[in-house]
Amino acid sequence: SLSRAPPATRGRKRKRQSAAAADGEANRSTGRGHGIAMGRRILNDALRKMVNADRRGNATALLQPISGVMVSFLNIMKHRGYIKNFEVIDPHRVGKINVELHGRIKDCKALTYRQDLRAKEIEQYRVRMLPTRQWGFVVITTPSGVLDHEEAIKQNVGGQVLGYFH
C-alpha cells in the first residue's frame, strides 16, 4: 500500500507508455524505423568496412549488402586509383562485392544526410570537406549520373553529395 504511486501518477505513466507504443507502431509501419535513408546507411557501412580493412593491411574487403549506388561509388574510386578492382558476386540475390585494396585510402565516408549543391558551390564544399587540395574526391549524384567533383564541375551540374574519399 505504501509502495503504490498515487492514482494521478499511474495515469501519466500509462499515457507515456501508450505514446511510446504508438512510436513503436509508427516505426514498424515505415520499415525499420531508421532516421536515415537505408541506401546511404548501406553505403556508409560498406565504405567503413573498406577503410578498416585497409588500415589493418588486408588485401581485400568483402562488402554486403550491395546497391547500385555503391557500385557507382566504387567505379569512381577505381577510376581515380584508390582501389585496384572490384567484383560483384551474385547481384540478383543479396549480393556481395569483393574489393581489392591498394592501401591508399585514408578516409572514406558517405553522408547520411541530404546535402544539395549547385555547380558553383562544389569547389567551396570540396575545400571545406577534404584535408588538402592535392588529393581526395567528393562524390555527387547528379542528373548525369554519379560523378566526382571534377567531372561535375566540367559538366557544370549540381546534385546531392553522396560522400567523399581521400
Find all pairs meeting these conditions: Cβ atoms under 8 angstrom apart; at least six residues apart or on different chains; first residue within segment 113-133 and open to solvent by less than 50 Å² (accessible area, probe 1.4 Å); second residue β-branched (Val, Ile, Thr) and assigned to a helix (DSSP H, G or I).
119/153; 122/153
Output the qualifying pairs, or none if there are none: Cβ atoms under 9 angstrom, residues six or more apart or on different chains, first residue in segment 43-57 and farther than 17 Å from residue 164 by Cβ and open to solvent by less than 10 Å² (accessible area, probe 1.4 Å), second residue of a type in the set (A, V, I, L, M) and not in a helix (DSSP H, G or I).
53/59; 53/61; 53/62; 53/99; 53/101
Residue in segment 73-93 that is out of contact with any helix residue (DSSP H, G or I) (no Cβ under 8 Å at 6 or more places or on another chain), at pLDDT below 95, basic (Lys, Arg) and over 26 Å from residue 155 (Cβ atoms) present
yes
Selected residue (only one of 125, 164 is under 16 Å from the mean Cα position of the chain (by Cα) and hydroxyl-bearing (Ser, Thr, Tyr))
164
Right, residue 66: under 28 Å from residue 148 (Cα atoms), surrounded by 15 or more Cβ atoms within 10 Å (Cβ to Cβ), within 19 Å of the chain's Cα centre (by Cα) and modelled with pLDDT under 95 or not?
yes
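Okay, residues lined up against (1) of a type outside the set (D, E, K, R); (2) within 15 Å of residue 46 (Cα to Cα):
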| residue | (1), (2) |
| --- | --- |
| 60 | yes, yes |
| 80 | no, no |
| 91 | yes, no |
| 122 | yes, no |
| 150 | no, no |
Picking from 95, 158, which residue would you name as being of a type in the set (Gly, Ala, Ser) and either without any contact (Cβ under 8 Å) to a residue 24 or more places away in the chain or closer than 20 Å to residue 42 by Cα (or both)?
95
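The values are calculated or read from the model by the stated rules, or taken from the named source; none is laboratory data. Being a predicted model, the structure only gives us computed values, none of them experimental. Here Cβ is always computed from backbone atoms with ideal geometry, including for glycine, and neighbour counts include all displayed protein chains. When the accessible area is computed, the model is the full protein with side chains, heavy atoms only, and any ligands, DNA or RNA have been set aside. Shrake-Rupley method; radii C 1.70, N 1.55, O 1.52, S 1.80 Å.
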